[in-house]
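Structure first, then comments.
The values are calculated or read from the model by the stated rules, or taken from the named source; none is laboratory data. Nothing here was measured: the structure is a model prediction, and the numbers come from that model. All Cβ positions, glycine included, derive from the backbone under ideal geometry; neighbour counts span all protein chains shown. To get the accessible areas, we keep the full protein, side chains included, count just its heavy atoms, and leave off ligands, DNA and RNA. Shrake-Rupley method; radii C 1.70, N 1.55, O 1.52, S 1.80 Å.
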Amino acid sequence: MFTSVCNSSNNMRTGYNRPERRTRGKKGAPAAKKIDYPHPKGLEICFKEGAAENEACADPLTVELQIYLEMKGFPHKVHVVDPEKGKNLPEWFRKNNWDGILPMTKYDKDQYKLGSAETMMALEKKFRVPLMSNGGMGAGRFRGKTVKNLTLSLLKSVRPYDESNPDWVDMVSELRSLDEYLVQCHGKEGDYMKSKKFSLWDIRMLPALYNLVTVANYFKPGFALPDEVPHLKSYLNHACEDPIFKKFCPSVRKIVRYYEPKLNMRIVLPDDVV
């Protein structure tokens, strides 16, 4: 069993070692990189409020798209928006996204994509360089959004983390499937444990898994990854140390604040929790 140290005063057993976050310098937009391979022209992205260019955000769907764009190296402009309040919405967002789905992407003048998964699939299909692996066989059946939704259901439940709780049973089933996937693709292209390079599968899954294991105990004490997913525990310990993930890795405090309104709870965090 691995131990997760969430902060110096609250040592929780969740089954993986939480990485130290990379410290950031002064805010400021970095100079746009010049790239000599085909890339989307005029790429603009609307993210949830709380996200910013080169800043960590607790929304896993935002983080997965941020990591993808970092790995591809595509120049882009970020809009931080709030559809419910009509805040900072570009005109192209208002005309093409009545439901306020985020993230939303615009590129090549009139191409619009809703959601991080649709954006990544569309960009990867058209702009293959630099080439990214999809992951091992069967990787397509996994979605970070599934873990995100299961996490919400689990933390809303008043039942304990055991077989009497159908939300826990569903979560364990998904974690077992993930563990089996890691065993299946071990040593093959797309296996982060082997190549030390994120595949599209890693990008989709890691942000949601990280949120789960980092803050579950703050809202509902007693959480730990089950013993029957040893490969998933090992994967998290290694993948969360990747420099690209650390760059966009949200703090515990940000993740807690992200979940508070969703769970209708307010958590008092110790001063040493960043």
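Brief remarks on what is shown
- Matching residues, the stretch 220-258, being open to solvent by 20 Å² or more (accessible area, probe 1.4 Å), within 21 Å of Ser173 (Cβ to Cβ) and touching a helix residue (DSSP H, G or I) at 6+ places or on another chain (Cβ under 8 Å): Lys220, Glu228, Pro230, His231, Ser234
- Within the stretch 74-96, being assigned to a loop (DSSP other than H, G, I, E, B), under 20 Å from Gly42 (Cβ atoms) and open to solvent by 10 Å² or more (accessible area, probe 1.4 Å) holds for Pro75, His76, Asn88, Leu89, Pro90.
- Members of the stretch 253-273 that are touching a residue at least 60 places away in the same chain (Cβ under 8 Å) and either in contact with a Phe, Trp or Tyr (Cβ under 7 Å, 6 or more places away or on another chain) or under 17 Å from Lys148 (Cβ atoms) (or both): Lys254, Ile255, Arg257, Tyr258, Tyr259, Lys262, Leu263
- In the stretch 32-73, of all residues being at pLDDT 90 or above and part of a strand (DSSP E or B), the one that is surrounded by the fewest Cβ atoms within 10 Å (Cβ to Cβ) corresponds to Glu44.
- Residue check for Gln66: polar (S, T, N, Q) and more than 26 Å from Ser177 (Cβ to Cβ): no
- Residue check for Asp99: under 28 Å from Met265 (Cβ atoms) and in a loop (DSSP other than H, G, I, E, B): yes
- When the residues of the stretch 197-218 are filtered to those that are open to solvent by 20 Å² or more (accessible area, probe 1.4 Å) and in contact with a helix residue (DSSP H, G or I) (Cβ under 8 Å, 6 or more places away or on another chain), the one that is farthest from Val256 (Cα to Cα) is Arg204.
- Checked against (1) closer than 30 Å to Leu131 by Cβ; (2) open to solvent by less than 10 Å² (accessible area, probe 1.4 Å); (3) of a type in the set (S, T, N, Q), Thr151 meets all criteria but (1).
- In the stretch 105-153, residue nearest to the chain's Cα centre (by Cα) [restricted to those that are assigned to a loop (DSSP other than H, G, I, E, B) and under 15 Å from Leu209 (Cβ atoms)]: Arg143
- Pair list, Cβ < 9 Å and 6+ apart or interchain, from the stretch 204-227 residues that are at positive phi to residues that are among the hydroxyl-bearing types (Ser, Thr, Tyr): Gly222/Tyr161
- Taken over the stretch 112-137, the criterion of being out of contact with any strand residue (DSSP E or B) (no Cβ under 8 Å at 6 or more places or on another chain) and open to solvent by 30 Å² or more (accessible area, probe 1.4 Å) is satisfied by Ala117, Glu118, Met121, Lys125, Lys126, Arg128, Val129, Pro130, Leu131, Asn134, Met137.
- Members of the stretch 97-111 found to be closer than 26 Å to Phe127 by Cα and open to solvent by 60 Å² or more (accessible area, probe 1.4 Å), listed by number: Ile101, Lys109, Asp110, Gln111
- Boolean, Val158 is surrounded by 16 or more Cβ atoms within 10 Å (Cβ to Cβ), modelled with pLDDT of 90 or more and on the phi < 0 side of the Ramachandran plot: no
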